[in-house]
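The structure appears below as structure tokens.
No value in this document is a laboratory result; all are computed from the given coordinates. None of these values were measured; they are calculated from a predicted model. All Cβ positions, glycine included, derive from the backbone under ideal geometry; neighbour counts span all protein chains shown.
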Ligand code: SF4
Ligand code: SF4
């Protein structure tokens with residue numbers, strides 16, 4: 001046992017027993033999920049292990065209903081910003097690993113500004129700063145300087161309003177610095193909760209310490225960062241083991257800090273330069289991946305789920321229906337990649353992007369598919385983080401703020417970046433969806449604010 005909340009034998013026994021779960025037991029678990037009751041670990045394991053199509057169809061239906069009930073048709077948009085690819089680790093799946101010989105770089109503050117300007121011109125308001133681990137080239141003070149540089153930038157159409165950070169596990173002291181710099185969510189993927197696999201794919205570098213990595217969120221919480229986002233890299237180990245690990249990690253944080261993951265990311269292992277995809281025997285096929293996303297949605301209904309551009313358009317469409325609430329658009333996964341793309345220069349990216357469409361075409365397609373792309377950052381800016389956010393989410397009242405905020409930020413986006421046809425399409429959605437705001441006062445205020453945005457009389461409204 002590595003730590004008391006990830007007990008390998010406990011998880012393996014759960015999954016082994018689930019192989020023999022009776023149909024009646026699986027159906028009881030499904031009925032509990034339909035009644036929005038909390039599932040036990042054995043319930044979740046039995047759903048993961050079932051391969052009967054009728055069960056899987058029910059899992060999809062339940063997940064789809066939860067998605068609709070809690071998140072409506074809103075999809076929060078964000079973009080990654082890679083600032084440094086110097087890395088001392090040797091993660092076997094990542095092209096930034098120290099053994100991969102290529103020319104590395106980190107952005108100067110001027111280059112950060114250039115990248116942010118391009119991202120802002122795409123309409124983004126929420127970024128995830130990403131960097132490899134290298135204390136000399138990329139110390140914590142460099143990251144906090146990036147955060148400050150980003151927040152200090154003001155454009156004609158607004159500014160980046162939330163900076164999430166995805167950097168290596170670090171000390172409580174460094175987390176305090178991130179907190180003081182105004183971090184949004186601190187994101188860190190455990191990659192895999194299966195310690196022997198973890199040790200094998202992280203053969204050298206500080207990331208080799210499984211327990212230090214596993215307890216990073218405890219240190220972040222102790223330093224005052226109450227929005228943390230977990231994830232695993234599906235394809236490293238048995239994916240069902242990793243789902244159970246994620247859920248146990250979430251329970252640990254809930255017990256200890258009264259708040260679990262704000263978000264869960266579900267990246268799937270994909271090819272990257274400097275690695276051979278055939279070295280990984282646990283790759284997850286599309287059907288298993290969809291089932292996993294649906295089961296996580298059922299198990300932790302109030303936790304946002306993030307999908308990156310690793311997935312292609314068709315997979316994204318499917319997973320949005322099953323539980324994904326946040327996606328990136330127009331992403332580059334290389335340092336300085338947005339400027340390089342503008343200049344048509346080659347990139348050295350962390351992994352291959354499978355959805356290379358521009359942000360505008362992804363956003364336009366989301367609207368055509370009946371979604372409301374949202375650029376909302378209200379909770380963070382209004383101090384609604386950690387357990388304050390979770391209690392609002394669990395009360396079922398979160399939709400009363402998410403919907404008006406989604407509509408107001410979409411209106412801003414269409415005014416700033418849309419052509420006439422896009423504006424027309426967006427206006428129709430906004431008019432229709434405003435009717436779905438239940439609170440009459442909030443509805444009236446939203447209509448008033450949208451008119452102000454459209455007439456150029458104000459912006460950046462939120463509730
Ligand atoms: Fe470095 Fe992160 Fe890539 Fe590992 S996954 S090699 S820590 S950048
Ligand atoms: Fe997210 Fe809060 Fe905005 Fe809803 S209101 S989309 S939870 S930031």
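For residue 114 and residue 180 in one chain, what is 0.36 nm times their gap in residues minus the Cα-Cα distance, to one decimal in nm? Provide the component values of the computation, followed by the final result.
Values: separation 66, 0.36 × 66 = 23.76 nm, distance 2.43 nm.
In short, 21.3 nm is gained.
Quick check on the stretch 124-218: what does the Kirkwood estimate of hydrodynamic radius come out to from the alpha carbon pairs, in Å? Walk me through the intermediate numbers first.
Numbers: mean 1/r = 0.0688 Å⁻¹.
Radius from the Kirkwood sum: 14.5 Å.
Once each part is reduced to its C-alpha centroid, what is the distance from the stretch 229-245 to the stretch 256-305 in angstrom?
Answer, in whole Å: 6.
Determine, for each peptide in 405-411, 264-270, 80-86, 219-225, the mean count of other beta carbons within 10 angstrom over its residues, then list the peptides with the highest first. Mind dumping the intermediate values first?
Details: 405-411: 26.7, 264-270: 21.7, 80-86: 25.1, 219-225: 19.3.
Answer by packing, highest mean first, reads 405-411, 80-86, 264-270, 219-225.
If you average 1/r across every pair of different Cα atoms in the stretch 41-196 and take the reciprocal, what Kirkwood value do you get, in Å? Please list the in-between numbers first.
Working: mean 1/r = 0.0542 Å⁻¹.
The answer is 18.4 Å.
What number, in percent, do you get for the relative contact order of the stretch 1-136 if the mean sequence gap of Cα pairs under 8 Å and at least 6 apart is divided by its residue count? Write down the numbers at each step before the final one.
On the way: 111 pairs, mean separation 29.6, N = 136.
Relative contact order comes out at 22 percent.
What ranking of 95, 308 emerges when the number of other C-beta atoms within 10 Å of each C-beta is taken as an exposure proxy, fewest first? The partial results should precede the final answer.
On the way: 95 21, 308 24.
Listing 95, 308 from fewest to most nearby Cβ atoms yields 95, 308.
Calculate for the chain the 222 nm mean residue ellipticity that helices alone would give, adding -39,500 (n - 2.57) per DSSP H run of length 4 or more and normalising by residue count, nearest 500 deg cm²/dmol.
Numbers: 20 runs with 221 residues, N = 463.
It lands at -14500 deg cm²/dmol.
Apply 1/(1 + (r/R0)^6) to the Cβ-Cβ distance of residue 37 and residue 283, taking R0 = 22 Å, and write down the FRET efficiency to the nearest 0.05. Display every interim value, and only then the final one.
Numbers: r = 33 Å, r/R0 = 1.52.
According to the calculation, E is roughly 0.05.
If I model a spin label as a point 7 Å beyond the Cα along the Cα-Cβ vector, how far apart are those points for residue 152 and residue 68 in nm?
4.9
Which Rg and Dmax, in Å, describe the Cα atoms of the stretch 8-68?
According to the Cα coordinates of the stretch 8-68, Rg and Dmax are 11.5, 36 Å.
Output the peptides 289-295, 102-108, 389-395 sorted from most to least packed, where packing is the average of other Cβ atoms within 10 Å over each peptide's residues. All intermediate terms of the calculation are to be shown ahead of the outcome.
Values: 289-295: 24.0, 102-108: 15.0, 389-395: 16.9.
With the highest mean Cβ count within 10 Å placed first, the list reads 289-295, 389-395, 102-108.
Packing-wise, with mean Cβ within 10 Å as the measure, how do 375-381, 36-42 rank, highest first?
Details: 375-381: 21.0, 36-42: 13.6.
So the peptides 375-381, 36-42, ranked by packing, come out 375-381, 36-42.
Test of understanding: extend the Cα→C-beta vector of residue 8 to 7 Å, then name every residue of the stretch 170-212 with backbone N under 19 Å from that spot.
In the stretch 170-212, the label zone of residue 8 (backbone N under 19 Å from the point 7 Å along Cα→Cβ) covers 190-204, 207-212.
How big is the convex hull of the Cα atoms of the stretch 353-463, per residue, in Å³? Mind showing how you got there, number by number?
Values: hull volume 14.0 nm³, N = 111.
Expressed per residue, the convex hull around the Cα atoms of the stretch 353-463 is 126 Å³.
For a Förster distance of 25 Å, can you work out the FRET efficiency between the beta-carbons of residue 459 and residue 341, rounded to the nearest 0.05?
The pair residue 459/residue 341 has a calculated efficiency of 0.35.
Any chance you could get the radius of gyration and Dmax over the Cα atoms of the chain, in Å?
Rg then Dmax for the chain, in Å: 21.4, 64.
In percent, how large is the relative contact order of the stretch 241-316, given Cα pairs closer than 8 Å and 6 or more residues apart? List each step's numbers first, then the result.
Numbers: 44 pairs, mean separation 30.2, N = 76.
About 40 percent, as a whole number.
For Cα pairs less than 8 Å apart in space and 6+ apart in sequence, what is the mean separation divided by the residue count of the stretch 395-454, i.e. the relative contact order in percent? Don't skip to the end; give the middle numbers.
Working: 36 pairs, mean separation 28.0, N = 60.
Reported relative contact order: 47 percent.
Restricting to Cα atoms and excluding each atom paired with itself, what does the Kirkwood estimate give for the stretch 395-454 in Å? Display every interim value, and only then the final one.
Values: mean 1/r = 0.0857 Å⁻¹.
One decimal place: 11.7 Å for the Kirkwood radius.
Compute for the stretch 74-166: radius of gyration divided by Kirkwood radius, i.e. Rg/Rh, restricted to C-alpha atoms, rounded to two decimals. Working shown, then result.
On the way: Rg = 14.1 Å, Rh = 14.0 Å.
Result: Rg/Rh = 1.00.
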